[in-house]
1. Those residues that are more than 28 Å from the chain's Cα centre (by Cα) and in contact (Cβ under 8 Å) with a residue 60 or more places away in the chain, I need them from the range B:307-340; list them, please.
2. Residues B:His414, B:His371: which one is assigned to a loop (DSSP other than H, G, I, E, B) and either more than 14 Å from every other protein chain (Cβ to nearest Cβ) or aromatic (Phe, Trp, Tyr) (or both)?
3. Given the structure, is B:Gly459 in contact with a helix residue (DSSP H, G or I) (Cβ under 7 Å, 6 or more places away or on another chain) and within 12 Å of chain A (Cβ to nearest Cβ)?
4. Can you confirm whether the range A:39-51 contains a residue that is more than 18 Å from B:Gly482 (Cβ to Cβ), hydroxyl-bearing (Ser, Thr, Tyr) and more than 14 Å from chain B (Cβ to nearest Cβ)?
5. Across the range B:271-281, what is the total count of residues that are open to solvent by 10 Å² or more (accessible area, probe 1.4 Å) and either free of Cβ contacts under 8 Å to residues at least 60 places away in the same chain or within 19 Å of B:Ile311 (Cα to Cα) (or both)?
6. Please work out which residue is farthest from the other protein chains (Cβ to nearest Cβ), limiting yourself to the range A:1-32 and to residues that are over 30 Å from B:Lys486 (Cα atoms) and in a loop (DSSP other than H, G, I, E, B).
7. Of all the residues that make up the range B:207-233, how many are outside any strand (DSSP E or B) and either open to solvent by 50 Å² or more (accessible area, probe 1.4 Å) or more than 30 Å from B:Asn576 (Cα to Cα) (or both)?
8. I'm told B:Ala364 meets every condition in (1) more than 25 Å from B:Lys233 (Cα to Cα); (2) not acidic (Asp, Glu); (3) not assigned by TED's automatic domain parsing to the domain that holds B:Leu473 except one. Can you identify the failing condition by its number?
Amino acid sequence: MSKHDAEMIREISGVNPLKCMKCGKCSATCPAYDEMDIKPHQFVSYVLRGDIEALADSKSLWKCLSCFACIERCPRNVEPAKLIDAARQAVIRQRGNEADLSPDEIPALLDEKTPQQLLVSAFRRYRR
Amino acid sequence: MQRIGVFVCHCGSNIAATVDVKRVVETVKKEQGVVHAEDYPYMCSEAGQALIAAAIKEKNLGGIVVCSCSPRMHEATFRKAAERAGLNPYMVEIANIREHCSWIHKDMEEATEKAVILARAAIAKVHLNSHLQPGESLVTKRALVIGGGIAGIQTALDIAEAGYEVDIVEKTPSIGGRMSQLDKTFPTLDCSACILTPKMVDAAAHEKINLYTYSEVESVSGFVGNFSVDIRKKARFVDMNKCTGCGLCQEKCPSKKAKSEFNRGLNTRSAIYTPFAQAIPNVPVIDTESCVKMKTGKCGLCEKVCQAGAIDYSQKDEIITEKYGAIVVATGFDTINLDQYGEYAYNESPDVITSLELERVMNAAGPTKGHLERLSDGKAPKEIVFIQCVGSRCDDHRGKPYCSKICCMYTAKHAMLIRDKYPDVNVTVFYIDVRTPGKNFDEFYRRAVEEYGVNYIKGQVGKVVPQPDGSLLVQGSDLLDGKQIKMRADMVVLATAIEPEAGVRKIATMLTASIDTNNFLTEAHPKLRPVESPTAGVFLSGVCQGPKDIPETVSQAGAAAVKVIGLLAKDKLLTNPCTAESDTLLCNGCSVCQNVCPYGAIGYEDKEVNDHGIRETRRVAVVNSALCQGCGACTVACPSGAMDLKGFSNRQILAEVDAICR
């Protein structure tokens, strides 16, 4: 992982981490906070600094529930869950996928009301 | 063909660092009609102006072009200089080679080329300029203040003290505004009503001030010095001349279920009511929505008990038309609607309140008579959480992108007052930043921390969840300690963003005063003309222009008053001669120009014309030059090219375009 990946994460997520005013509302709102080593609000500054190696190795990547509460409540439209999701994607692209969930299993787990975005990010998470 | 002089300003290095001014001078010398060209470091200086005056006289110049900053800065300076040298001031053109050129370019070659082109366009225009003469209009020596809060009251008092008549139009039944709803004021903690009510009394008693309460501005026409305003005096159903303010009607009124606007809906009031005890005027109004008599025709108790016979159910709204020379907007603010902020449970729990609601709770005349208690069960709270920046600094669809400015200080005030009166109550404040610029402001906030033990936590709250036991779970960030905090609270107070009062957009439209995306009125210049609207004769006072606290509001109110006084002190105003005129031979009387004119300056008359030997009577547009503000909308709209704007004629503008494209 490199500086270049920080660019890629920004691009995939469409998030501008410079918009963050460090209010901490994402971390205040996060239900998986206790299980994360890098907290949602820190995630933003890691991307900003280009410290992607640490992010890629972080537990948080796979602990984020993709509940999108931080996206919903972020007052600056920074939306950390999008960053986390993009980081997952970057890691999977580079390191491959070791997960045991296969696409064939998905239809059985489907609920019509589940938003597609949630499915996609959950799929990334559980395929590890 | 004019004899034209061109003067190129260096503006120190502002222009000269990017534009080769010497080359501009040499190049423009070759332009047709240019008989003189020179450069100077500061053309706006006295020496620079003297240079221009000397050249006008010596070279017998018929028109000049000054290549300098924006005409908004120094057009007036150079016009006056030219006039002193005997040249008609409208023979001066400015080529803006600073804002439009040197400041926005880096490459000298390109910037110099552009500066020459801009100068060439201005030269082409001057050739077609004519000797315009400004007209005169009279000034009505009376001011209108829209809004009767502290901003409007102070502006009115200051104008009245200078000897001019002032009318205050206030939409609620009493003057006083938001300040009358506050309990104490920072940073001195004096009682808000104690310092406001004397001003309210002064305003009401002043022989030069006339109050129109329970009234709204209906329409505005005219222009600076000569506004004509229709004011709707809403029916009070109580005769202001007969009512003694005894209050018996309010006591006897059987309908007491209407939410009290003054107490932010936290308790109820009668259908016939004065908003608060010190209301001015102390004359109630009947709220037709909740009055039994109005709804069913039965009741009439207030009429029966009124010994003065002041109740009049047949009263109707009344429209008053009044003339004014100046209008001050002082419409104030409200807190934003919190429906979008479900995470704070404001609509779920009565124990989650806004700071303005807390003001009423803390106030002796409020719904709890000043006792700090939970609105759900009346119990005394032990743990209170304040949440800052609720809807402020929000760059999303839910809130406002700006800082509301007053919240940090009033929260410190609330926290301090609670800790002072109820030392066993814990107070926690979740903040993003504490912003306390202002005299004695930071000291005030530090006192809350150091002397009163208020617990400030850096971090925002993510959610407030009402618990089955009636308490509130607050989950927030402590960014400095790197923790997610989950705590129980008995009350949560939201420092809710403020926004301009809802009706301000309508008022701005009536006044043709510009307004920004947040509905704050725009200043004529953000630094140098902060209390004037870009629309001449319209002035700004208080929060309608941007968030501010009481001392700032009072200062700005005074500043607005000075500008009004300066205007009203004049007997006559020079009018802008750059007005529209219609060519009767081209006009076909289609009314398109009349429909687009924002000033109502265009009328029609039947005129006899001689069109190539054919004499006939035609309906043609006629511009009232006293009303025309020279905006040019009609010239663009006119399908037959009959409308033209003096000083900015179609020929002049095309000549500029041609010069640029040459």
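1. Residues satisfying the conditions are B:Gln307, B:Ala308, B:Gly309, B:Ala310, B:Ile311, B:Asp312, B:Tyr313, B:Gln315, B:Lys316.
2. Only one candidate passes the filter, namely B:His371.
3. Answer is yes for this residue.
4. No: zero hits.
5. Result for the range B:271-281: 5.
6. A:Ser2
7. Of the residues in that region, 4 qualify.
8. For B:Ala364, the exception is condition (3).
The values are calculated or read from the model by the stated rules, or taken from the named source; none is laboratory data. Because the structure is a prediction, the values reported are computed rather than measured. Backbone-built Cβ (ideal geometry, glycine too); neighbour counts: all protein chains shown. Each accessible area value is taken on the protein alone, full model and side chains, heavy atoms only, with ligands, DNA and RNA left out. Shrake-Rupley method; radii C 1.70, N 1.55, O 1.52, S 1.80 Å.
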